[in-house]
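The values are calculated or read from the model by the stated rules, or taken from the named source; none is laboratory data. As the structure is a computational prediction, the values presented were derived from the model and not from experiment. FYI the Cβ positions are ideal-geometry reconstructions off the backbone, even for glycines, and counts take in every protein chain you see. Accessible surface areas use protein heavy atoms only, side chains included; no ligands, DNA or RNA. Shrake-Rupley method; radii C 1.70, N 1.55, O 1.52, S 1.80 Å.
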Amino acid sequence: MKTQILKKSCTIFMIVAICTMMLSVQISLSTDVEKCVKHCISNQCMKVSGKPDPTTCEGDCKTFCDKQLTSHEEFIVPKRNGVAETIANYICKKFNTCS
């Protein structure tokens, strides 16, 4: 009986923790985008455009900031050893895809 109650409370706690993390990440990203848009409108778009229009600049800056803030994804790729490395090198040289 106590074990079931403990399991249910742990499950509820985990769901609440995951939802809290997702919400905080969303708030953080939207705050960064808002700061970027404000900076972009006042410092870049209004100065560069021939006919400064805040509504046009806002749309352009939102698109720019969304791309800029979400395009910095990085991945950790494990190093290949032995046979996998030999095969990868062969394919790389065969199809000229070596970097």
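The table below gives the values:
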item: Cβ-Cβ under 8 Å pairs, at least 6 apart or on other chains, the range 31-42 side without any contact (Cβ under 8 Å) to a residue 24 or more places away in the chain, far side open to solvent by less than 100 Å² (accessible area, probe 1.4 Å) and part of a helix (DSSP H, G or I); result: Ile41/Pro54; Ile41/Cys57; Ile41/Glu58; Ile41/Cys61
item: Scope the range 44-99; condition modelled with pLDDT under 70, open to solvent by 100 Å² or more (accessible area, probe 1.4 Å) and not basic (Lys, Arg); matching residues; result: Val48, His72, Glu73, Glu74, Phe75, Ile76, Val77, Pro78, Asn81, Ser99
item: Positions within the range 19-41 being open to solvent by 60 Å² or more (accessible area, probe 1.4 Å), within 23 Å of Thr55 (Cα to Cα) and among the aliphatic types (A, V, I, L, M), in sequence order; result: Leu29
